[in-house]
Amino acid sequence: MTAGIPEGWREEERVDLRSGGWRFYRAVDPTFAESVSEQNIVVRDGERIAGPEGIQALLADTGAFDDPPTGDGAARLAEQVGHFVVEPTSRSSGRVRLDPGRPPVVRRDGDALVLDLTFDRDGAPWPVTITARPSGGVTVQPG
């Protein structure tokens, strides 16, 4: 059983997002009858990691603070980070997908790394801006 995946849940790993000890999953409860119960789970070196601390660690481990990715690299990082910020609601799935019409932008702003991302939430765009500093501190601003 994968760390952080609830007992009896079905896991879908995004193998294309693997990076070192990082793994990215969507977990679905197959017994939930009224609608889909799901969550995104990130595992680092066999341990579940979440929240701003997880984003901070991912950005540091992937070298994004030193060399912000562009193009396909920015899209890959955006989908990795999406596993921390995209949460399912009663109206939308937790599946992490970028909005195809709005490519992600990863840029520097002083000492901060800023990720301007737009996810596709079941056909509706969901923009989010993530600001992280190498010395610590991550803010996530939806909208």
> Once the whole set of protein chains is in place, how much accessible area is left on residue 120, using a 1.4 Å probe, in Å² to the nearest 10?
Replying inline: 40 Å²
> How high is the relative contact order of the stretch 10-142, in percent, with contacts defined as C-alpha pairs under 8 Å that are six or more residues apart?
Replying inline: 18 percent
> Out of 21, 51, 110, any idea which swings most in a Gaussian network model of the chain, alpha carbons joined below 10 Å?
Replying inline: 110
> Roughly what angle does helix 51-61 make with the longest principal axis of the chain, taking Cα atoms, 0 to 90 degrees, to the nearest 10?
Replying inline: 60 degrees
> With every protein chain left in place, what is the accessible area per residue of the chain in square angstrom, probe 1.4 Å?
Replying inline: 53 Å²
>> How tilted is helix 71-85 with respect to the longest principal axis of the chain? Cα atoms for both, answer in degrees (0 to 90, nearest 10).
In response: 50 degrees
> Here are some values of mean projected area of the Cα convex hull in nm²: (i) 8.5; (ii) 8.0; (iii) 9.3. Which one was computed from this structure?
Replying inline: (i)
>> Could you identify which residue out of 50, 60, 124 has the top mean-square fluctuation in a GNM of the chain using Cα springs shorter than 10 Å?
In response: 124
> Where the accessible area of the chain is counted over protein heavy atoms with a 1.4 Å probe, how much of it, in %, is carbon and sulfur?
Replying inline: 47 percent
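The values are calculated or read from the model by the stated rules, or taken from the named source; none is laboratory data. All values reported here derive from a predicted model rather than from experimental measurement. Accessible surface is based on the protein model in full, side chains and every heavy atom, while ligands, DNA and RNA are left aside. Shrake-Rupley method; radii C 1.70, N 1.55, O 1.52, S 1.80 Å.
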